[in-house]
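Just so it is clear, none of the values below were taken in a lab; they were calculated from the coordinates. Fair warning: this is a prediction, and the values are worked out from it, not measured in the lab. Reconstructed Cβ throughout: ideal geometry from the backbone, glycine too, with neighbour counts over all protein chains shown.
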Amino acid sequence: MPARVDRHLMPKQDPQERIRNFDEVALGYSPDTAVEEAKRCIGCPKRPCVAGCPVEVDIPSFVKLIAEGRFVEAARKVKEKNSLPAICGRVCPQETQCEQRCTLGKKGKPVAIGALERFAADYERTSSEGAKNDPKVAARVSAGRVAVVGSGPAGLTCAADLARMGYKVVLFESLHSTGGVLRYGIPEFRLPKAIVDEEVNYVKSLGVEIRANTLVGKTVTLDELFRDGFDAVFLGTGAGLPHFLGIPGENLNGVYSANEFLTRSNLMKAYLFPEYDTPIWVGKRVAVVGAGNVAMDAARTALRLGAEKVTIVYRRSRAEMPARLEEIENAEEEGVELMLLTNPIRVLGDERGWVRGMECIRMELGEPDESGRRRPVPVQGSEFVIDIDTMISAVGTDPNPLLVRSVPGLKIGRHGNVIVNEETGETSVPGVFAGGDIVTGSATVIAAMGAGKIAARGIDEYIRAKRERSG
Amino acid sequence: MHRIIKKEELAPRIKLFVVEAPEIASHARPGHFFVLRLHDRGERIPLTIADSDPGAGTITMVFQEVGKSTYELGTLEEGESILDLVGPLGTPREIRRLDTVVCVAGGVGVAPIYPEAKAFHELGTRVISLVGAQTKDMLIFKDRMEAVSDEVHYATDDGSFGYHGFVTGLLHDLLAGGLRPDEVVAIGPLPMMRAACKVTAEFGVKTVVSLNAIMVDGTGMCGSCRVTVDGKTMFSCVEGPAFDGHKVDFGELMARQTRFLTEEKLAMERYKAHVEGCKCRRE
Ligand SMILES: Cc1cc2nc3c(=O)[nH]c(=O)nc-3n(C[C@H](O)[C@H](O)[C@H](O)COP(=O)(O)OP(=O)(O)OC[C@H]3O[C@@H](n4cnc5c(N)ncnc54)[C@H](O)[C@@H]3O)c2cc1C
Ligand SMILES: Cc1cc2nc3c(=O)[nH]c(=O)nc-3n(C[C@H](O)[C@H](O)[C@H](O)COP(=O)(O)OP(=O)(O)OC[C@H]3O[C@@H](n4cnc5c(N)ncnc54)[C@H](O)[C@@H]3O)c2cc1C
Ligand code: SF4
Ligand code: FES
């Protein structure tokens with residue numbers, strides 16, 4: 001029996017170095033390391049890891065191909081189920097999905113499935129062997145036409161799957177560029193935009209037509225799409241509507257929603273201002289309210305834009321922080337400070353309308369609430385003020401209401417989320433399907449992709465049934 | 001890509017473009033705007049749809065050169081193209097037949113007010129337009145406004161044409177003279193809209209303003225454009241840009257307009273240096 005090898009760490013840029021650039025933090029495995037790591041997989045017959053993957057990637061098979069040095073084949077194996085492997089390899093919360101179920105995790109550290117997925121995808125993208133794309137489009141030509149609204153992971157996946165089944169797909173996106181949150185939300189240092197471009201190009205290579213700058217509901221309505229001969233529509237419009245805390249002073253200058261801050265920086269490349277025209281302003285002392293991935297991204301972006309002190313302000317304790325552990329660690333390594341069990345109650349401004357401070361109150365954890373987490377309760381009389389000149393509010397988003405509210409008969413839940421049949425993605429309006437954050441509220445890239453996949457199957461069945469009925 | 005079919009210089013630093021955009025043209029209604037991006041490094045800036053021709057598939061925009069992006073836009077010539085346009089955006093104005101409407105326009109605000117005046121006029125509403133500018137040369141859209149108004153009154157800050165003073169002075173005189181329109185529409189710089197609201201509040205006349213908050217996406221995703229209306233935070237790109245002027249917190253909005261002043265100045269200076277640099281080399 002070979003000696004047990006520990007999980008291989010992903011090499012990273014040095015924290016002191018990386019807070020001065022927007023280059024990718026995690027550097028990826030070398031081929032040797034990838035082979036070594038892949039060899040740790042014991043190829044369990046029951047394949048528990050696969051059950052943990054929302055898009056059912058054949059994990060043991062692709063890991064085995066890497067172990068054998070067949071890197072391009074490994075990437076192709078992943079792509080049989082997952083059209084965006086280089087993205088998922090970077091941002092999927094593997095620790096709560098496939099890797100959580102990995103047998104090796106019972107006694108030690110699970111196989112680094114995410115890092116291996118990233119390795120295979122990157123290898124295929126950059127090697128000459130991989131350049132020959134061989135998308136297998138089904139022979140069944142022109143099975144029908146489908147309009148996909150929104151080019152986030154849900155829309156891209158749904159479009160790719162339908163194209164593979166032989167449908168003519170047009171993907172509509174309101175922004176000038178594709179990718180949804182992958183483009184405007186997740187920063188370059190975590191997910192280089194060149195990779196989003198490549199994976200979008202892969203989807204295009206399957207025959208999907210992309211129309212940017214088209215706000216469905218305004219530039220073209222859903223009715224018009226059906227009138228133009230689309231057989232079905234998939235709504236993957238995400239959860240883009242930012243919440244605010246609703247406390248006094250939130251409209252002062254220097255208070256951003258994380259969406260505005262990140263959109264300026266990522267989509268509009270304001271971190272390259274004035275080479276790029278979109279401005280961004282960040283002060284010396286920044287408070288980021290919230291503790292999810294979005295908050296971590298905003299905090300780390302603020303550091304890179306020149307902030308001297310960045311503090312995450314969160315009303316619960318460390319154990320409840322919703323961000324991925326890896327991202328919390330990255331942020332802390334970079335010098336982001338955590339101020340836990342603290343809730344802002346007022347933003348203070350100066351006479352010119354700019355933020356100068358934030359009044360907070362200490363919190364303690366009480367009884368569990370409906371989310372199962374202990375409810376934070378304010379400690380009477382514990383108010384205090386912190387000096388800040390920038391505040392970024394990262395306290396969540398709601399499903400984007402613009403289109404869905406304009407569709408008569410569409411059943412919508414309490415939080416503005418679209419209600420669907422979970423097995424097919426179908427909404428209450430015939431021919432209209434939905435998936436991703438618009439259905440679940442803000443979730444994950446892979447969950448959105450899973451929903452896109454389910455809907456693609458649902459749409460295929462729906463169109464075929466319709467064709468059969470009309471003979 | 002959206003080709004510029006026609007370019008007109010309406011006044012110093014105010015230009016009009018007619019641009020190909022068939023999908024926007026066929027859906028445009030008064031009160032709508034669009035967001036434009038000049039080129040790959042450009043920012044997204046909102047402009048009002050000043051007119052549209054669904055048959056020809058074109059829209060008209062009128063803009064004042066105030067900073068880097070609008071200056072650069074002004075250098076484009078007929079036949080050249082704008083990279084991206086998205087729209088129509090915003091909640092269109094609900095326009096019903098009324099007895100009398102007063103349209104108060106300041107500077108380039110006359111361009112966005114024109115489609116509203118036109119729509120009211122077409123329904124048979126009596127339209128009284130008050131158009132103000134700094135000086136005679138800056139008065140634009142005269143023929144168009146006269147074609148859709150029952151009366152047009154002009155004001156210039158320097159007295160070179162019409163009433164000598166602010167257009168809000170004209171408005172005050174009209175209301176003090178006893179006119180009670182069903183509605184006042186005021187579009188122009190923030191201080192002018194605020195002043196117009198102050199006048200109409202005095203006489204209890206409903207007033208609709210169109211807010212030019214700083215935007216990024218224009219679709220309700222970033223919150224950059226938020227304004228306080230009636231004590232509530234609204235996203236002006238989606239819920240507006242038109243609001244009841246008496247409920248708008250103008251002080252807050254005016255402060256928010258200065259958020260990127262330093263950066264805007266820097267961009268403009270760099271752009272000027274660059275343009276002048278090019279000229280030198282050409283000589
Ligand atoms: C900053 C940030 C960091 C994150 N980090 C992670 C992470 O590390 N790992 C992870 O798994 N998840 C992460 N998430 C969550 C993840 O990105 C989302 O769950 C996922 O992107 C949802 O995908 P989607 O396709 O449903 O929607 P989106 O990605 O939101 O895409 C929706 C698209 O639809 C477009 N659109 C909306 N309305 C219209 C319309 N009417 N017409 C045309 N187009 C329209 C939008 O412009 C957008 O491009 C993060 C989210 C954010 C904001
Ligand atoms: C709904 C709406 C409709 C508009 N319609 C017209 C129009 O028909 N004609 C016209 O001339 N102008 C219009 N504007 C204003 C126009 O968008 C700004 O003049 C333009 O963005 C300035 O860009 P700049 O780079 O040239 O100037 P900058 O140097 O960037 O800024 C000059 C000033 O313009 C404002 N501004 C800057 N960026 C933005 C932005 N992204 N969004 C809004 N305002 C900004 C700020 O107050 C700033 O101080 C409209 C604005 C809005 C919100
Ligand atoms: S559970 Fe872990 S060890 Fe087992 S097959 Fe999957 S990756 Fe390999
Ligand atoms: S401009 Fe982004 S929400 Fe209005």
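Figures for the structure shown
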{"read-out": "Inter-label distance for A:Gln16 and A:Ser382, nm, one decimal - labels placed 7 Å from Cα along Cα-to-Cβ", "value": "3.6 nm"}
{"read-out": "C-alpha center-to-center spacing [region A:350-411, region B:106-170] in angstrom", "value": "45 Å"}
{"read-out": "Kirkwood-type radius of region A:235-339, with distances r between different C-alpha atoms, in Å", "value": "14.5 Å"}
{"read-out": "Contour minus Cα-Cα distance for B:Glu80 and B:Asp173 (0.36 nm per residue)", "value": "28.9 nm"}
{"read-out": "Equivalent ellipsoid dimensions for region A:430-471 as semi-axes, Å, which come from the Cα gyration tensor, largest first", "value": "26, 10, 4"}
{"read-out": "Dipole axis of region A:196-300 (+1 Lys, Arg; -1 Asp, Glu on Cβ), positive-most option in A:Val208, A:Ala287, A:Val220", "value": "A:Ala287"}
{"read-out": "Fluctuation leader among B:Arg270, B:Arg144, B:Arg126 - chain B, Gaussian network, Cα springs under 10 angstrom", "value": "B:Arg270"}
{"read-out": "Set of aspartates and glutamates with alpha-carbon distance to A:Lys46 below 18 Å, sequence-local pairs under 8 removed", "value": "A:Glu56, A:Asp58, A:Glu99"}
{"read-out": "Environment charge of A:Phe62, counting only residues whose C-beta is closer than 10 Å and scoring Lys/Arg +1, Asp/Glu -1", "value": "+2"}
{"read-out": "Nearest-0.05 FRET efficiency for A:Leu9 and B:Lys232, computed from C-beta distance (R0 45 Å)", "value": "0.35"}
{"read-out": "Point-charge dipole on Cβ atoms (K/R +1, D/E -1) for the protein assembly as shown, about Cα centre, debye to 20", "value": "1800 debye"}
{"read-out": "Over the protein assembly as shown: Kirkwood hydrodynamic radius from C-alpha pairwise inverse distances, Å", "value": "28.0 Å"}
{"read-out": "Choice from B:Pro191, B:Pro112, B:Pro30 with maximal GNM fluctuation in chain B (Cα, 10 Å cutoff)", "value": "B:Pro191"}
{"read-out": "Whole-number percent relative contact order across region B:1-93, with pairs defined as alpha carbons under 8 Å at least 6 apart", "value": "40 percent"}
{"read-out": "FRET efficiency, 1/(1 + (r/R0)^6) with R0 22 Å, evaluated for B:Glu202 and B:Glu151 via beta carbons", "value": "0.50"}
{"read-out": "Kirkwood Rh (inverse of mean 1/r, distinct Cα pairs), region A:339-442, angstrom", "value": "17.3 Å"}
{"read-out": "Positive minus negative residues near A:Leu402 (Lys, Arg vs Asp, Glu; Cβ under 13 Å)", "value": "-1"}
{"read-out": "Axial C-alpha extent at least 30 Å, average Kyte-Doolittle at least -0.5 - helices from chain A (DSSP)", "value": "A:445-469"}
{"read-out": "Computed [θ] at 222 nm, helices only, for chain B once each DSSP H run of length n ≥ 4 contributes -39500 (n - 2.57)", "value": "-9000 deg cm²/dmol"}
{"read-out": "Dipole magnitude of region A:307-429 about its Cα centre (Cβ charges: Lys, Arg +1; Asp, Glu -1), debye to nearest 20", "value": "580 debye"}
{"read-out": "Mean shadow area of region B:1-141, taken as a quarter of the surface of its Cα convex hull (nm²)", "value": "8.3 nm²"}
{"read-out": "Paired Rg and Dmax values of region B:80-215, which use every Cα atom, in angstrom", "value": "14.8, 50"}
{"read-out": "Overall Cα dimensions of region A:52-208 - principal axes, largest extent first, Å", "value": "49, 35, 29"}
{"read-out": "Under 13 Å, Cβ to Cβ, from B:Pro191 - net charge with Lys/Arg +1 and Asp/Glu -1", "value": "+1"}
{"read-out": "Cα coordinate range in region A:321-382, projected on the principal axes (Å, largest first)", "value": "43, 33, 18"}
{"read-out": "Links that overshoot a 26 Å alpha carbon limit, given the list A:Lys284/B:Lys232; A:Lys64/A:Lys109; B:Lys6/B:Lys265; A:Lys309/B:Lys247; A:Lys64/A:Lys204; A:Lys284/B:Lys272", "value": "A:Lys284/B:Lys232; B:Lys6/B:Lys265; A:Lys309/B:Lys247; A:Lys64/A:Lys204; A:Lys284/B:Lys272"}
{"read-out": "Mean separation of Cα contacts under 8 Å (6+ apart) over length of chain A, as relative contact order %", "value": "15 percent"}
{"read-out": "Theoretical ellipticity at 222 nm over chain A - DSSP helices of four or more residues, -39500 (n - 2.57) apiece, nearest 500", "value": "-9000 deg cm²/dmol"}
{"read-out": "Ratio of the Cα radius of gyration of chain B to 2.2 N^0.38 Å, where N counts its residues", "value": "0.99"}
